[in-house]
1. Suppose a student asked you for the relative contact order of region 19-186, using Cα pairs under 8 Å spaced at least 6 residues apart; what percent would you report?
2. How would region 56-127 be classified by its alpha-carbon gyration tensor: rounded, prolate or oblate, with rounded meaning a/c under 1.5 and the a/b versus b/c comparison settling the rest?
3. Here are a few candidate values for percent of Cα pairs over 22 Å apart: (1) 51; (2) 45; (3) 74. Which one was actually calculated from the structure I just gave you?
4. Highest first, please rank the peptides 22-31, 53-62 by the mean number of other Cβ atoms sitting within 10 Å of their residues.
5. Taking the 0 to 90 degree range and rounding to the nearest ten, how far is the long axis of helix 2-17 tilted relative to the main principal axis of the chain, both from C-alpha atoms?
């Protein structure tokens, strides 16, 4: 038992010694996905920003949990009012990515993501509604993408976020989809 605890403490210390904290921000082209219905939606450009914590598991594999504000949503014309509207949703996203280094500079990544609805803004020419009741409060999804990092700690990535478990948008089951471009900075570890 003592050897097991000692080994666990050593592995935790080793992982923390190799851990790196960083910040990342960018823009995303967001939309709803719901089979054929998506053809009626237009994308919205929304920001995202947050922090990540990279823990080196092996020389090539890093586990990277994060905490991000992520703008999502879509734009379309209402079937009932015939007016164009923007549905802007703000989420707290918590991804847990596995990042694999193909080369020292180029990596690919994928992993699950949980998102929690923080705010809603339904906007037309005439009105703005912020009631979150018609929208599901959370979503379960995934992320995959490719990254490029410089030796200075600056990094760039392109990723795709997608819903796996649909959430309710009024009476419809939908998923968020977001194509993101990001720039980040990994704080050098001492």
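Bear in mind that the values in this text are calculations on the coordinates, not laboratory data. Only a predicted model underlies this, so the values are computations on that prediction, with no experimental measurement involved. Virtual Cβ from ideal backbone geometry, glycine too; neighbours counted across all protein chains shown.
1. Numbers: 477 pairs, mean separation 37.1, N = 168.
Relative contact order, region 19-186: 22 percent.
2. Values: a/c = 4.78, a/b = 2.98, b/c = 1.60.
Cα axes put region 56-127 in the prolate bin.
3. Computing percent of Cα pairs over 22 Å apart and matching it to (1) 51; (2) 45; (3) 74 gives (1).
4. On the way: 22-31: 18.3, 53-62: 14.4.
Order by mean packing, descending: 22-31, 53-62.
5. 70
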